[in-house]
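Notes follow once the structure below has been shown.
The values are calculated or read from the model by the stated rules, or taken from the named source; none is laboratory data. Nothing here was measured: the structure is a model prediction, and the numbers come from that model. Cβ sites come from the backbone with ideal geometry, for glycine too, and all protein chains shown count toward neighbours. All accessible areas refer to the heavy atoms of the entire protein, side chains included, with ligands and DNA or RNA removed. Shrake-Rupley method; radii C 1.70, N 1.55, O 1.52, S 1.80 Å.
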Amino acid sequence: MKSPSIPSAANGPLLLADISGYTSFLQSVAVSHRDDAFANGAVPDAYAMMSDLLDGIVQRVVPPFTLSKLEGDAVFAYAVDPAQMPRGAAMVGCLTECYADFRRRLSMAHGIWSCRCEACSRIDDLDLKFILHAGPFVIQSIAGSRELVGPEVVMAHRLMKTGAAAVAGHGAYVLITDAAAAQFDVPTDGVLSVVETYEHYKPIRAHVYPLREA
């Protein structure tokens, strides 16, 4: 029997970049193209575009972050050395630049795709949000894959469902928790915030940085 790997402890940032509208978009494309695409094994262009969007996010945030894994419509990343991360406004700037590249890639799709059906046209409904939390976590090997575990990892994922969109006026924003703002000296003066409550956790406050105008 192979000896188990030894888990390692870390304390640093946990980042989720989530494409909103991903699932409904692909469902609409699958229905619209079930006769002319999937029926003969061909894959609609929308799937390649979604791969390009996710790849673009990874290219922008890794480094300074380390990729943990792709989670369907989201990129999950982390870092074990906070000293190597952007600090202050530069942290928000890093994610803002990633968002700008995301929008650029969406705009390019119109010049590449030949399909103008209603389903494919919904690509403009896609948007991107970021969740930045920080705290202790454990890195361990599970079924041959490196996995992050711990209460703060769970919290980061729960923060994907908050009232931040209502505060921002849309779904494009950076949500930074008090813990992450403190660890990386992110300015929060004058920034709107939300307080979320989850079972088994103390209320957590996070700051909302809109990525575009409402």
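Annotations
Here is a yes/no grid of residues against (1) touching a residue at least 24 places away in the same chain (Cβ under 8 Å); (2) of a type in the set (Val, Ile, Thr); (3) in contact with a strand residue (DSSP E or B) (Cβ under 8 Å, 6 or more places away or on another chain); (4) under 22 Å from Ser145 (Cβ atoms):
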residue	(1), (2), (3), (4)
Pro63	no, no, no, yes
Tyr78	yes, no, yes, yes
Thr96	yes, yes, yes, no
Ala109	yes, no, no, no
Ile112	yes, yes, no, no
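- Within segment 110-152, the set of residues being within 24 Å of Ala181 (Cβ to Cβ) and open to solvent by 60 Å² or more (accessible area, probe 1.4 Å) comprises Pro136, Pro151.
- Of all residues in segment 171-187, those satisfying the criterion of being β-branched (Val, Ile, Thr) and either open to solvent by 40 Å² or more (accessible area, probe 1.4 Å) or closer than 28 Å to Gly21 by Cα (or both) are Val174, Ile176, Thr177.
- For segment 153-166, the set of residues classified as open to solvent by 50 Å² or more (accessible area, probe 1.4 Å) and of a type in the set (Val, Ile, Thr) consists of Val154 only.
- Residue that is surrounded by the most Cβ atoms within 10 Å (Cβ to Cβ), among those in segment 200-214 that are of a type in the set (A, V, I, L, M, F, W, C) and not in a loop (DSSP other than H, G, I, E, B): Ala206
- Flag for Ile139 being modelled with pLDDT under 95, among the β-branched types (Val, Ile, Thr) and out of contact with any Cys (no Cβ under 6 Å at 6 or more places or on another chain): no
- Identity of the residue in segment 33-88, among the polar types (S, T, N, Q) and more than 19 Å from the chain's Cα centre (by Cα), that ends up surrounded by the fewest Cβ atoms within 10 Å (Cβ to Cβ): Asn40
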